[in-house]
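Notes for the one structure printed next.
The values are calculated or read from the model by the stated rules, or taken from the named source; none is laboratory data. This is a predicted model, so every value here is computed, not measured. Positions of Cβ are backbone-derived with ideal geometry, glycine not excepted, and every protein chain shown enters the neighbour counts. These area figures cover heavy atoms from the full protein model, side chains too; ligands, DNA and RNA do not enter into them. Shrake-Rupley method; radii C 1.70, N 1.55, O 1.52, S 1.80 Å.
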Amino acid sequence: GSVRGWTAPAMLSSASAERNCAHIVQQLLEVTRHFGASRPRKLVEIAGGSGIHTAAIADALPAHWVILPTDISEDALTSIHLRTAEAGNVLEPRHLNVVEEDGWREVAQQLDGVDVVLSVNMLHISCRAALPALVHGAASLLLPGGVLFIYGPFARNGLIAPESNVRFHEHLRAQDPEWGYRDTNEVEAEARAAGLEMHQPIEMPANNLVLILRKPL
């Protein structure tokens, strides 16, 4: 509520995050279980948004993992903070604009080596520069064997399917011509340019994909 013009910080809500959260956490755990507990493990979340995923991941990951959530929006950072304030394995959320190299450098200085970079439902509502910036930024943070985990809707070999995805892509493009589905081929090309290896896309519910880009050992 508000008192004399002051508005209390609020948690953001997200129907899509509520729907896909369990599926994403399950798939992420398939990745993280390959990382041993011999040392603390670090995950950076890109565009954490409401913090719904952040809180669920913090709850699901083993105790040797720590999470640094990021977002470009102050409202999102506040929401993430409110949702994860009780979690002992979540660092203070920090501002990151993926297309600004200084932000990646600051994250690298804070964490000194990262095991997983997580990006959920960002690329299709971002400028075209966001894809190369995400892939190269993640590559700069990741330790050998580390993973960039990308979730969202994608075109595959120039094709968008089914028809509902075509309509959503066109709806996004109407809002901003730089928005819309990226192609898995584009992601793979950026991965190669950044020295990352892209695995076979993993089919997810509601016509989404998980793309795993790994830094070679």
- Enumerate the pairs (first residue in segment 181-204 and free of Cβ contacts under 8 Å to residues at least 24 places away in the same chain; second residue anywhere and assigned to a helix (DSSP H, G or I)) with beta-carbon separation below 6 Å, excluding pairs fewer than 6 apart on the same chain, so at least 6 apart or on different chains. 198/188; 198/191
- Which condition does residue 34 not pass, out of (1) open to solvent by 40 Å² or more (accessible area, probe 1.4 Å); (2) part of a helix (DSSP H, G or I); (3) under 20 Å from residue 114 (Cα atoms), if it passes all the others? (2)
- Message: Checking residue 129 against (1) open to solvent by less than 40 Å² (accessible area, probe 1.4 Å); (2) modelled with pLDDT of 95 or more, only one condition comes out false. Which one?
- Response: (1)
- Message: Take residue 143 and tell me if it is touching a residue at least 12 places away in the same chain (Cβ under 8 Å) and closer than 22 Å to residue 14 by Cα.
- Response: no
- So residue 178, is it charged (D, E, K, R), open to solvent by 20 Å² or more (accessible area, probe 1.4 Å) and not in a helix (DSSP H, G or I): yes
- Query: Of the residues 12, 82, 61, which is under 25 Å from residue 139 (Cα atoms) and either of a type outside the set (Gly, Ala, Ser) or touching a Pro at 6+ places or on another chain (Cβ under 7 Å) (or both)?
  - Reply: 61
- Residues being farther than 18 Å from residue 204 by Cβ and either out of contact with any helix residue (DSSP H, G or I) (no Cβ under 7 Å at 6 or more places or on another chain) or of a type in the set (Val, Ile, Thr) (or both): count how many of those fall in segment 167-185. 10
